[in-house]
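The values are calculated or read from the model by the stated rules, or taken from the named source; none is laboratory data. All figures in this text were calculated on a predicted structure; none of them were measured in a lab. Cβ coordinates were reconstructed from backbone atoms using ideal geometry, including for glycine residues, and neighbour counts include every protein chain displayed. Keep in mind that these areas ignore ligands, DNA and RNA; they rest on the heavy atoms of the full protein, side chains included. Shrake-Rupley method; radii C 1.70, N 1.55, O 1.52, S 1.80 Å.
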Amino acid sequence: MTRRTFIGTAVMAAIARPRRVIIDTDPGTDDALAIFLALNSPELRIEALTPVAGNVPLELTLPNALRLLEIAGKTHIPVAAGADRPLVRRLITATYAHGENGLGGIAFPEPTTKPVSETATQLIRRLAHASPHQIGIVAIGPLTNIATAFRDDPELPSLIPNLTIMGGSLSGGNISPAAEFNIYVDPEAAQIVFRSGVPLTMVGLDVTRKAVLRDEHIQRLENSPKPEAQAAGKIARSMRVPMMHDSLAMATFLDPSIVKLQDLYVEIETAGELTAGETVGYRKAPVRGSAPMANSPAQPSKPFVPNAKVALDVDTERFFKLLIDRIALTTRSDPDRAP
C-alpha cells in the first residue's frame, strides 16, 4: 500500500466515524470563524449549537447562530437557546469588539430557520445521556450553559469525554488585568466547570494572542467562492485586531498537537473585587490559597491533582493552514450542504 493510499484510507475512516460535538457559543466575530471551521471539518459531526449570552446578548447570539448555519447551508443542525444572563452577575458584553450585532456590524440576512423547543441545557443533557462518552463539547463563550447543565445533572460530567474551552489566561487578562472575557463574564459558572471533573482542555490568551489573521489570510477568504468563506472575510475585515481566539480552541479540539499542552490544576477566582474571573494555574504542589486572617483557622494546602490540560504555546502556521484551507477551499462533494 502506498503512503498516499494509506493517508487517504485514514482520512476516509475518520470521515466514516466522525467525532460528535456540541458547540456552545456566543457569536461573536471570532465565534463565526470557529463555527465555519467546524462546519467544514468532515471528521466532525456537529450535534447542536447552543448559544449563550456573552459577546452580545442572547437575543443576538441566538439568531447569529441560526444565521451562520444558513450561510454555510447546514440548517439541519439544531440550535437551542441557552442562558440569557450569568448565574449570579449582571451581563457584561463586548459590543466594543464585536459590533452592536455581534458580527462586526455586517448586515447579513435575517435567519429564516428557528431554534428547537428544548433549552440548551435540556438538549445537552438529552444528547449526553442518549450517547454516553460519545459527544464532546467545544465551549467558546461564557460557561453558563455548561455549568447549569452540570449543576442540574451531577452525573453529566462523567458522560462527557472531553470539553475544550476558549477561556482563561495564565498571563493576564483582556477585559481586566486579571481576567479573560469569557471567564470574567461568569466566573461562578467557570468554577463549577473546572471543579466538575470533566476532562478539560483550556485554550486561553496565552496562545490565542499569537493567532492573529494576516491580510493574506483574509484575502484568501474573500476570494473563495464559498458563501461562508466570503462571510468570514467580511467579518474579519470588520475586526480591529482579528485574533482567532475561538477558532484556535476549535482547531485544538480537531488536532491537539497544534498547541503545546501542560497538565495544571486551575482554580477560578470568584471573590476578588479586582480579580474575579482570574484563572490561577498551579504547576506543582502545594496548592495554596491566600494566607488566612489572624482570627480564622489555618487552611491546609491541597495536593496537586491536575484538572485541566492548558495550552501554553501554538504552532501558528499549522493553525492558520488548517483554518483558512478548511473555510476557503472547495471540496468535490459535501453531502451536508443544502442544495
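For this structure, a couple of remarks:
- Surface share of carbon and sulfur [accessible, 1.4 angstrom probe, percent] for the chain: 54 percent
- Between Val287 and Ser176, the contour length at 0.36 nm per residue exceeds the alpha carbon distance by 37.5 nm.
- Longest site-free stretch - the chain; sites: GluC sites (Glu not before Pro), DSSP loop, at most 13 other Cβ within 10 Å: 156-272
- Note on exposure: Ser257, Ser247 ranked by accessible area (1.4 Å probe, complete protein assembly) read Ser257, Ser247, with the most exposed listed first.
- P(r) tail, the chain: Cα-Cα pairs separated by more than 40 Å, 10% of all pairs.
- Between Ser238 and Arg151, the modelled labels are 3.2 nm apart [label points 7 Å from Cα along Cα→Cβ].
- Taking the C-alpha atoms of the range 232-339, convex hull volume expressed per residue in Å³: 186 Å³
- Ligands, DNA and RNA aside, Thr61 has an accessible area near 0 Å² when probed at 1.4 Å.
- Entry comment: accessible area of the chain is 46 Å² per residue, from protein heavy atoms only and a probe of 1.4 Å.
- Between Glu216 and Glu43, the modelled labels are 2.5 nm apart [label points 7 Å from Cα along Cα→Cβ].
- Sparsely packed trypsin sites (Lys or Arg not before Pro) within the range 44-103, loop by DSSP, other Cβ within 10 Å at most 14: Arg90
- Taking 7 Å steps out from each Cα toward its Cβ at Arg85 and Ala130 produces label points 3.2 nm apart.
- Sequence-separation-based contact order of the range 167-275, relative, with Cα cut under 8 Å and 6+ spacing, percent: 30 percent
- Calculated diffusion of the range 8-132, Stokes-Einstein form, Kirkwood radius summed over Cα pairs, 25 °C and 0.890 mPa s, µm²/s: 162 µm²/s
- Exposure ranking of Met244, Met293, Met239 by accessible area [1.4 Å probe, largest first]: Met293, Met239, Met244
- Residue-span extension gain [Asn223 to Asn295] - 0.36 nm each, minus C-alpha spacing: 19.3 nm
- Above-threshold pairs, the threshold being 19 Å between Cα atoms, out of Lys260/Lys309; Lys284/Lys309; Lys114/Lys226; Lys74/Lys321; Lys210/Lys234; Lys210/Lys260: Lys114/Lys226; Lys74/Lys321; Lys210/Lys234
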